[in-house]
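The values are calculated or read from the model by the stated rules, or taken from the named source; none is laboratory data. Since we're looking at a predicted model, the values are computed, not measured. Here the Cβ positions follow ideal geometry from the backbone for every residue, glycine too, while neighbour counts run over all protein chains shown.
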Amino acid sequence: CSRIHNKPTFSQTMVMPNLYQNPRNATTMDPTLTCSMTDDELQEYYDNFFEDVFLELDEKYGSIEEMNVCDNLGDHLTGNIYVKFRHEEDAEKAVTELNNRWFGGRPIHAELSPVTDFREACCR
Amino acid sequence: PRRPREKRISLYWDIAPTGFEHITPMQYKALQASGQVPAIGPP
């Protein structure tokens, strides 16, 4: 994969790269997290994160069809959050507004993504 | 079954990096782009 992906002008889907920080990932900078979390604690941490993000986006920007969090270690995928809204306008509005919000002490980067079917979203 | 939960105060949303509460996220990203603050920093 060349990783040169086209950025669509309109899309139902947006991506926020590197937003989720897995406590087990050594590059995590959040000092309140430790790598000694048990699997259950890690799952709870993830569930809370997912719920927090999902509810805020769904409430503020519009109905979400699907949301995925990448938890692998590829540089370009770590902690990426893909959100597919029901309506294109909602995705557009979310991208514009999220780029001017903070999240956990970091600025959010948001952009539209060409992904529409997550089962086909494999980089070839 | 999943029990309904009250909306809690978010741990993450709208939390600015310490010391940068006075600038906007867009301004902060410009600082990152120009190398004046680390690209990935601690909260």
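Descriptive notes on the structure:
- Per-region count, segment B:21-43, residues assigned to a loop (DSSP other than H, G, I, E, B), facing chain A (nearest Cβ under 8 Å) and at pLDDT below 95: 4
- Pairs, first farther than 14 Å from A:TYR82 by Cα in segment A:51-62, second surrounded by 19 or more Cβ atoms within 10 Å (Cβ to Cβ) and aliphatic (A, V, I, L, M), C-beta under 7 Å, six or more apart: A:TYR61/A:ALA94
- Condition met for A:LEU98 (of a type in the set (A, V, I, L, M, F, W, C) and either surrounded by 17 or more Cβ atoms within 10 Å (Cβ to Cβ) or more than 12 Å from chain B (Cβ to nearest Cβ) (or both)): yes
- Filter result for B:PRO4 (under 24 Å from A:TYR46 (Cβ atoms), at pLDDT below 90 and more than 10 Å from chain A (Cβ to nearest Cβ)): yes
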